[in-house]
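Below you'll find the structure, written out as structure tokens, and then a few comments.
The values are calculated or read from the model by the stated rules, or taken from the named source; none is laboratory data. It should be emphasised that the depicted structure is a prediction, and the values quoted were computed from it without experimental measurement. So basically every Cβ, Gly included, is an ideal-geometry build from the backbone, and we count neighbours across all protein chains shown. Protein only, heavy atoms only, side chains kept; ligands, DNA and RNA dropped before computing areas. Shrake-Rupley method; radii C 1.70, N 1.55, O 1.52, S 1.80 Å.
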Amino acid sequence: MTSAWFLVSLVYGLVGVQAFSPTDEFEFPTFDGVTPEPGREDVYVLLQQLTARVEKLERECEDRGKPQVAFSASLFNTERKTHYGPFDSETKLVFEKVTTNVGDAYDNTTGVFTAPVKGLYYVRLTGSVGDSGSLNAAVMKNGENMFAIFNTLGHHSSSSNGMTLVLEAGDQLGVMLWATQSIFDQSRLSTFSGFLVFPM
């Protein structure tokens, strides 16, 4: 990288101290095709260390510049055993208790996640069965069913499902509970989560 090699060149030109002589058996590798001058091997080692450090810092700066998005929320804030449903028609689920919301892309007042950037996202839905004895709920993207969880094993049994989705900036995700179904939570049993794998 330009800045790393600029710093290396600058240090190499400015540092003129003499080093302790190495043993005859020790052979220094070449640095960018150049063998260090006798007595300046310590400068050579210093240049290697500086180069590695600067390149690491530049990679970290590049990573910080990338968008960071992740969210995770539970259905209810209360730790009381809470059943929701069944209802006569489909009902949007609003996951109220936010545990993680890096990037502030999830709105716990509407239950909607809005993708801030185009990219590949991983999304997961987990739910426990409520009073109806069955659970069928789906993750919707802009109103379209992407994937679902389905369970007819009875009260408090649970299901989980996940999928990678390519989302455009502004795409919205939410969870729909289908008619006659119910879901159960105790602040941590039924969750809606997702994160950006990489931008595109």
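Here are the numbers:
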read-out: Subset tally (residues that are under 27 Å from residue 166 (Cβ atoms) and free of Cβ contacts under 8 Å to residues at least 24 places away in the same chain) for the range 75-109; value: 4
read-out: Condition check for residue 117: in a loop (DSSP other than H, G, I, E, B) and aliphatic (A, V, I, L, M); value: yes
read-out: Single condition residue 69 does not satisfy, out of (1) open to solvent by 40 Å² or more (accessible area, probe 1.4 Å); (2) under 18 Å from the mean Cα position of the chain (by Cα); value: (1)
read-out: Of all residues making up the range 142-182, the number that are touching a Phe, Trp or Tyr at 6+ places or on another chain (Cβ under 8 Å), open to solvent by less than 40 Å² (accessible area, probe 1.4 Å), assigned to a strand (DSSP E or B) and modelled with pLDDT of 95 or more; value: 7
read-out: Subset tally (residues that are in a loop (DSSP other than H, G, I, E, B), open to solvent by less than 60 Å² (accessible area, probe 1.4 Å) and over 25 Å from residue 131 (Cβ atoms)) for the range 72-109; value: 2
